[in-house]
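Here's the structure we're looking at; comments come further down.
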Number of protein chains: 2
Amino acid sequence: MNTDELTMLTDFYEITMANGFLNEGIGDRIVYFDMFFRSVPDGGGYAVMAGVEQMIEYLNGLRFTDGDIEYLRGKNMFSEKFLDYLRGFEFECDVWSVPEGTPVFPGEPLVTVRGPAIQAQFVETMILLTINFQTMIATKANRIARAAEGRAVMEFGARRAQGAYAAVYGARAAYIAGCSGTSNVLTDKKYGVPALGTMAHSWVQMFDSELEAFKAYARNYPDDTTLLIDTYNVLRSGLPNAILAFNEVLKPMGKRPKGVRIDSGDITYLSKKCRAVLDAAGYSDCGIVASNSLDEYIIRDMLIQGAKIDLFGVGERLITSRSNPVMGGVYKLAAVEDESGNIIPKIKISENVAKITTPCFKQVYRLFDSGTSKAIADVITLHDEKIDASQPYELFDPEFTWKRKRVEGFFARPLLKRIFRKGKCVYESPSVEVLREYCSMQVDGLWEELKRFENPHKYYVDLSEKLWTIKNDMLRTYTVD
Amino acid sequence: MNTDELTMLTDFYEITMANGFLNEGIGDRIVYFDMFFRSVPDGGGYAVMAGVEQMIEYLNGLRFTDGDIEYLRGKNMFSEKFLDYLRGFEFECDVWSVPEGTPVFPGEPLVTVRGPAIQAQFVETMILLTINFQTMIATKANRIARAAEGRAVMEFGARRAQGAYAAVYGARAAYIAGCSGTSNVLTDKKYGVPALGTMAHSWVQMFDSELEAFKAYARNYPDDTTLLIDTYNVLRSGLPNAILAFNEVLKPMGKRPKGVRIDSGDITYLSKKCRAVLDAAGYSDCGIVASNSLDEYIIRDMLIQGAKIDLFGVGERLITSRSNPVMGGVYKLAAVEDESGNIIPKIKISENVAKITTPCFKQVYRLFDSGTSKAIADVITLHDEKIDASQPYELFDPEFTWKRKRVEGFFARPLLKRIFRKGKCVYESPSVEVLREYCSMQVDGLWEELKRFENPHKYYVDLSEKLWTIKNDMLRTYTVD
């Protein structure tokens, strides 16, 4: 499968609707769609936005081949007018997005698409797929990296990833959100995410003895000698053999070992034993690498119990976000323009209050305390609304409007940046290094109470008075019985 | 990302080991690796093999570009001899695999690779990635399709899939294992998996009223009118409007509606109400489609409570295998050949008994009862061992060897088929239709006790006496204390 096939990676209903919109004469009506999510994975305090670069790649690559048109014609469902439209398809939408690496919260638009109904509807599936997955992995990686409290975390999950894209782009998202690198060579080659790796158990088994295997590895990689010491028995075989190899191969070359890796057993216990033995043998600079079904909860427990680990290799539980493998982002119609260009808000009602959408063409402002530079709240506004930071600003809970809070001494930053103007990309994706640094700074700007793994403080995401009034008036109108 | 980039989708350690094997003069040593898994997802009784066609595509596409070589040279870790080897890389391995759609069990080889160490090691990451993911989804889809008890199940999960490959190949695997189709257009175009879909809530919102939206849809798709009836209120608005649209648009054309879809609320309750109203309105042939966070457990409960549903649309819980999103397949060295071509078995010991590997170059036979044609047991043998079905065969548990069972009146089928001979593919992947039919027949050949969602009967996977003896002798030799 190739990137140029992604145009057809869409839900069938996007095509039936597009054809219907065109035939009904409303295909070129200007509409606004928002992508947002309703709850943070793992019950955390915030998610970390990712996947924008791949969303841009997809949007830039939108085109229908003759083969695509033939396939669709074969369905006997679509008008020739529509197939002609697809043949000449040119993306014309405006797109705004929150930049990758930004902490984001439920209910606020992460992506807004404005354009002809036929187009803005069509891109739903791939926008959701791309942002949902990478945001989920970035969110998980950020939790795991925080659990490691400054120690390096490597993403090691390719073999258990849900497909090749997940392996490559999951590793990218994990790096942006705080991992130190990956085992995935292609992610390094494509994006410069540092790739690392040394040996599997099969390396050890290919030699007549564990010691021979270790010495061979040290000979080949004297500057990068990390030995996997659990093929037979960590304390009785692996560790003593590793020290022998360090002494016999590296020492005469004047080289120092990088580390030993433990991939099974009670790693907390083994790491403490290994640390003591390595220190006694004069290798206090030799790191200890732990892998084997780790995640934020296990890493936290290991460190509480005093594990002596310098680098965590995290596999399946990161690359699949195993404890919460679905990011439920949705893409909803927020407004349409009438013939004169007036924006008519649209709302989706639901008996489930959390599923009611917020209408209108919107912007999101993050308010930071001027003294501490910590984020106080996000305010969703009409797109052209400004927040005057020279005046006190009154926040209020959109559900419980009597909960009010007056903020002063703050500055406000808009989160949605324009990335497409009339179908042309106007945004340059930063490198993963820049995004990683940006993410780290933005997470630093959140209060610690938001960073708890369980029961974090709930961050305020409020509506401006104007937007709240529009939404509330619409809700009143729609109320049945 | 494109298929021709997949050669570099590998763990970095595959490359450090390959380079090391070459430099140590053991790169061309012939080795045997097995891919197998240790436990069935969701605690089920069996998994369903899938992903072979994509594994073949990957193996056929193995080649290193100049860019790949330059990237690797830049690491300053690899010998020029190795980089030369990669430049002229030609895949030379023999590969055996269990065909897609086959029920498979823990501990038995699903894929065996025989070839030069440098190559057989290198392909580990992508073989695992490909087979793990599709097998996991096929296994989940088979459970969900069985829960639906003959009703159609459509795979609707693209927007929540873990990346684009997961969306496309997950939909393929789901179809093989029993789903009736997908929402994913690209999977239909590439593999002929029937794609379906009608409208989102946004279609309804784009018109002045729900009724107008329904009538417009029926006008556009008189032969495929399925209406989404929960945008406002299913019973008070959606269903009456759907019936009006059927009466006013379809009836005059002599057309019948296909269905109504419910995507929220208490679907069991709503489906019963809808059924009664549709029947009373003369639309007893109009189907009811249910979607919204379904899986095998919810479908089972809905049907127990008498839900009137004809088609289930299953999204995120299928495409991510949400309740068990990791398939833990591994790839382990099983044997090496000496200079004279003798096969030397290799074993990986672990304190965790379940993690001890089974050595040797192997075959797997499935024994079927001649009378019922039901599968009795799988027997792992040496590759060239034959099972003589004309004689009684004694099965025994490899752990508890006193558990013995004598079988008579059976026939035996080898499961591992050769798919590559000296690097050339010698297997033609069947169409998804053929695989789906094959899978259905193979699952029919399992006892019902294996098909329980929880606590299924444990299927026998035994070792032949010869293989057991080799393994046991090796275990005795390795035992340290």
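Here are the numbers:
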item: Those strands (runs of 3 or more DSSP E) lying entirely in the range A:333-394 with at least 2 residues within 27 Å of the chain's Cα centre (by Cα) and under 25 Å from A:SER97 (Cβ atoms); result: A:362-369, A:375-382
item: In the range B:349-382, residue nearest to B:GLN121 (Cα to Cα) [restricted to those that are within 14 Å of chain A (Cβ to nearest Cβ) and without any contact (Cβ under 8 Å) to a residue 60 or more places away in the chain]; result: B:SER350
item: Among the residues listed as B:LYS346, B:LYS308, the single one being basic (Lys, Arg) and either within 9 Å of another protein chain (Cβ to nearest Cβ) or touching a Pro at 6+ places or on another chain (Cβ under 9 Å) (or both); result: B:LYS346
item: Any hit, the range A:304-320, residues being at positive phi, in the same structural domain as A:ILE144 (by TED's automatic domain parsing) and of a type outside the set (Val, Ile, Thr); result: yes
item: Some residue of the range B:129-149 being at positive phi and surrounded by fewer than 24 Cβ atoms within 10 Å (Cβ to Cβ); result: yes
item: In the range A:70-104, residue farthest from A:VAL443 (Cα to Cα) [restricted to those that are under 29 Å from the mean Cα position of the chain (by Cα) and among the aromatic types (Phe, Trp, Tyr)]; result: A:PHE91
item: Output for the range A:1-28, where each listed residue is surrounded by fewer than 19 Cβ atoms within 10 Å (Cβ to Cβ) and among the aliphatic types (A, V, I, L, M); result: A:ILE26
item: Some residue of the range A:65-81 being assigned to a loop (DSSP other than H, G, I, E, B), within 25 Å of A:LEU333 (Cβ to Cβ), in contact with a helix residue (DSSP H, G or I) (Cβ under 9 Å, 6 or more places away or on another chain) and of a type in the set (Gly, Ala, Ser); result: yes
item: Residue pairs meeting the criteria (Cβ under 9 Å; at least 6 apart or on separate chains; first not assigned by TED's automatic domain parsing to the domain that holds B:ALA18, in the range B:70-82; second assigned to a helix (DSSP H, G or I)); result: none
item: Qualifying residues in the range A:38-69 (those that are of a type in the set (Asp, Glu) and farther than 23 Å from A:VAL353 by Cβ) - the one surrounded by the fewest Cβ atoms within 10 Å (Cβ to Cβ); result: A:ASP66
item: Among (1) modelled with pLDDT of 95 or more; (2) surrounded by fewer than 21 Cβ atoms within 10 Å (Cβ to Cβ), the one test that B:ASP34 misses; result: (2)
item: Which numbered condition A:TYR269 fails, given (1) within 13 Å of another protein chain (Cβ to nearest Cβ); (2) part of a loop (DSSP other than H, G, I, E, B); (3) surrounded by fewer than 18 Cβ atoms within 10 Å (Cβ to Cβ); result: (2)
item: Neighbours by Cβ (under 6 Å, 6+ apart or cross-chain): first from the range B:458-470, assigned by TED's automatic domain parsing to the domain that holds B:PHE361; second modelled with pLDDT of 95 or more and among the acidic types (Asp, Glu); result: B:VAL461/B:GLU108; B:VAL461/B:ASP378; B:SER464/B:GLU385
item: Given (1) of a type in the set (D, E, K, R); (2) under 24 Å from the mean Cα position of the chain (by Cα); (3) at positive phi, number of the condition A:LYS422 does not satisfy; result: (2)
item: The range A:38-62: number of residues that are in a loop (DSSP other than H, G, I, E, B), within 14 Å of A:ASN132 (Cα to Cα) and not hydroxyl-bearing (Ser, Thr, Tyr); result: 5
item: Tally of residues being more than 12 Å from every other protein chain (Cβ to nearest Cβ) and surrounded by fewer than 22 Cβ atoms within 10 Å (Cβ to Cβ) across the range A:226-242; result: 1
item: Residue list for the range B:201-225, filter: facing chain A (nearest Cβ under 7 Å) and either surrounded by fewer than 24 Cβ atoms within 10 Å (Cβ to Cβ) or among the polar types (S, T, N, Q) (or both); result: B:HIS201, B:SER202, B:GLN205, B:ALA216, B:ASN220, B:TYR221, B:ASP224
item: Qualifying residue in the range B:18-26 (condition: in contact with a His (Cβ under 9 Å, 6 or more places away or on another chain), assigned to a loop (DSSP other than H, G, I, E, B), more than 20 Å from A:VAL185 (Cβ to Cβ) and more than 9 Å from every other protein chain (Cβ to nearest Cβ)); result: no
item: Candidates B:ARG436, B:ARG413, B:ARG406, B:ARG366 - the one that is in the same structural domain as B:LEU129 (by TED's automatic domain parsing), over 30 Å from B:ALA117 (Cβ atoms), crowded, with 19+ Cβ neighbours inside 10 Å and in contact with a strand residue (DSSP E or B) (Cβ under 8 Å, 6 or more places away or on another chain); result: B:ARG366
item: Only listed residue being without any contact (Cβ under 8 Å) to a residue 24 or more places away in the chain and either assigned by TED's automatic domain parsing to the domain that holds A:ALA147 or among the hydroxyl-bearing types (Ser, Thr, Tyr) (or both), chosen from A:ALA242, A:ALA276; result: A:ALA276
item: Flag if A:GLN162 is within 9 Å of chain B (Cβ to nearest Cβ) and assigned to a loop (DSSP other than H, G, I, E, B); result: yes
item: The one condition in (1) within 26 Å of A:ILE144 (Cα to Cα); (2) surrounded by fewer than 22 Cβ atoms within 10 Å (Cβ to Cβ); (3) in contact (Cβ under 8 Å) with a residue 12 or more places away in the chain; (4) at the interface with another protein chain (Cβ under 9 Å from one of its Cβ atoms) that A:PRO194 fails to fulfil; result: (4)
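The values are calculated or read from the model by the stated rules, or taken from the named source; none is laboratory data. Small disclaimer: the values here were computed from a predicted structure and weren't measured. Note: ideal-geometry Cβ built from the backbone for every residue, glycine included; neighbour counts use all protein chains shown.
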